Amino acid sequence: MTTSGANPAKALQADWYFDFNSPYAYLQLEQFDRLPSNLEVSLRPLVFGALLAHWEHKGPAEIPEKRRHTYRYTQFRAQQLGIPFKMPPAHPFNPLAMLRLAVAMGSEKELVQKMFRYVWQLGNGMSSQQDWQALCAYLEIPDADELIQREEVKLQLRANTDRAIALGIFGIPSFVLGPHLFWGEDATGMLLHHLAHPEWLESEELKRISNLPVGIVRKA
């Protein structure tokens with residue numbers, strides 16, 4: 001999938017890691033038209049819960065005050081960006097079937113975006129079997145239940161997740177461009193700056209702050 005935009009130049013490749021549970025992933029995907037046309041992006045579904053387990057930290061929705069703040073901020077951010085946004089009736093939800101379906105269908109941007117919009121733009125729930133069947137009908141994929149049970153699909157989703165952990169990804173959404181990681185919707189501008197000025201991360205100050213010594217370690 002090649003994004004639209006300006007500045008045709010040498011082709012670049014990036015991976016975009018996401019989970020459907022993330023409103024920030026939805027908001028960032030809606031801004032892909034800001035990316036330059038020479039950037040080819042591969043969409044990589046992963047299981048966010050596995051990242052949390054690996055890094056031993058809680059998700060935003062698992063801390064009551066952070067959960068409330070996250071929902072308020074994403075509503076504000078969507079309005080600020082002019083992106084249609086409506087929270088589903090319950091969150092977080094189990095995204096596993098959605099993630100497997102995305103993998104089974106090749107993780108094409110158009111389908112992934114349609115799935116994101118079903119939840120985060122139309123405000124549909126994904127907390128029951130009835131919700132899942134409604135999504136499949138909306139996507140017009142009658143054999144979705146069979147697709148998501150295929151062993152190769154399960155293995156690919158696991159491989160995406162394991163690869164993300166190996167790359168040091170700790171949150172979603174995350175862009176990986178070469179050795180560099182850009183985490184979060186609010187890092188979209190940082191990614192665009194890097195694409196326009198790839199030398200900036202090689203400055204002495206960026207190198208210095210990237211390798212600061214640890215001053216104190218909090219006791220477990």
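Hey, among the residues in region 53-78 that are among the charged types (D, E, K, R) and part of a helix (DSSP H, G or I), which one's nearest to ASP186 (Cα to Cα)? So that I can check it myself, show each step before the final result.
We begin by selecting, within region 53-78, every residue among the charged types (D, E, K, R); these are 56, 58, 62, 65-68, 72, 77.
Now narrow it down to the ones that are part of a helix (DSSP H, G or I): 62, 65-68, 72, 77.
Details: GLU62: 21, GLU65: 20, LYS66: 17, ARG67: 17, ARG68: 18, ARG72: 15, ARG77: 10 Å.
Looking at the filtered set, the residue picked out is ARG77.
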Members of region 79-108 found to be in a helix (DSSP H, G or I), within 16 Å of the chain's Cα centre (by Cα) and either more than 21 Å from SER128 (Cα to Cα) or not hydrophobic (A, V, I, L, M, F, W, C) (or both), listed by number:
ARG100
From the list GLN113, GLN149, GLN133, pick out the single residue that is loosely packed, with under 15 Cβ neighbours inside 10 Å, closer than 22 Å to PRO92 by Cβ and out of contact with any Cys (no Cβ under 9 Å at 6 or more places or on another chain).
GLN133
Just need a number here: residues in region 176-220 that are surrounded by 10 or more Cβ atoms within 10 Å (Cβ to Cβ), hydrophobic (A, V, I, L, M, F, W, C) and closer than 27 Å to THR70 by Cα.
9
What tally of residues in region 99-110 results from selecting those that are in contact with a Pro (Cβ under 9 Å, 6 or more places away or on another chain), on the phi < 0 side of the Ramachandran plot and surrounded by fewer than 22 Cβ atoms within 10 Å (Cβ to Cβ)?
1
Which pairs have Cβ atoms under 8 Å, sit 6 or more apart or on different chains, and link a residue in region 129-150 that is in contact (Cβ under 8 Å) with a residue 60 or more places away in the chain to one that is loosely packed, with under 13 Cβ neighbours inside 10 Å?
none
List the pairs whose first member sits in region 191-209 and is of a type in the set (A, V, I, L, M), whose second member is assigned to a helix (DSSP H, G or I), and whose Cβ atoms are under 7 Å apart, counting only residues at least 6 apart or on separate chains?
LEU192/ARG34; LEU201/HIS194; LEU206/TRP200
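Filter region 75-91 for residues that are hydrophobic (A, V, I, L, M, F, W, C) and in contact with a helix residue (DSSP H, G or I) (Cβ under 8 Å, 6 or more places away or on another chain); which is nearest to GLY125 (Cα to Cα)?
Going through region 75-91, the residues hydrophobic (A, V, I, L, M, F, W, C) turn out to be 76, 78, 81, 83, 85, 87, 90.
From the residues that got through so far, the ones that are in contact with a helix residue (DSSP H, G or I) (Cβ under 8 Å, 6 or more places away or on another chain) too are 78, 81, 83, 85, 87.
Working: ALA78: 19, LEU81: 23, ILE83: 19, PHE85: 14, MET87: 9 Å.
Taking the candidates together, the pick is MET87.
All of the numbers you see were taken from the coordinates with simple rules; none came from a lab. Note that the structure is predicted; figures quoted are calculated from it, not measured. Every residue, glycine as well, gets a Cβ built from its backbone with ideal geometry; the counts of neighbours run over all protein chains shown.
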